[in-house]
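For reference, the structure discussed in these notes is given below.
Derivation of every value follows stated rules applied to the coordinates shown; laboratory data play no part. On a predicted model such as this, the values are computed, not experimentally measured, just so you know. Backbone-built Cβ (ideal geometry, glycine too); neighbour counts: all protein chains shown.
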């Protein structure tokens, strides 16, 4: 048995912590998804009940309502969701890069240069967003 064989089986505390965080995040996400599914079911039943009380509720009215909801109700929510997902992915990627960088044990000068580059990149991205919003 080689020394290299035994070292590949060792789990570091950082890996355990990362796995625990991953499991906690997955549990939180699953709980949130279950809550949202229950809300969707509740509102769907409520909609069905309200539709059944209207005497002249036709498929044309239903299509008009669906188009209105798609145009003015769902799109802004989708945009907010997409933004939050992008921010989570960005934060995760940034965290992983930072951990990888510090594993290389940079000196103080290298750390300062990395901070300056990171700040400059953030400013460039902020400027791009501002320009696109004009």
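Some observations on this one:
- Rounded to the nearest 10 degrees, the inclination of helix 59-68 to the longest alpha-carbon principal axis of the chain is 30 degrees.
- Over the chain: Kirkwood hydrodynamic radius from C-alpha pairwise inverse distances, Å: 20.8
- Taking Cα atoms only, the orientation of helix 108-133 departs from the longest principal axis of the chain by about 20 degrees.
- Relative to the longest principal axis of the Cα atoms of the chain, the long axis of helix 75-103 lies at roughly 10 degrees.
- If R0 is taken as 35 Å, the Cβ-Cβ distance between residue 26 and residue 129 corresponds to a FRET efficiency of 0.70.
- Relative to one another, the C-alpha centroids of region 97-134 and region 20-84 are positioned 38 Å apart.
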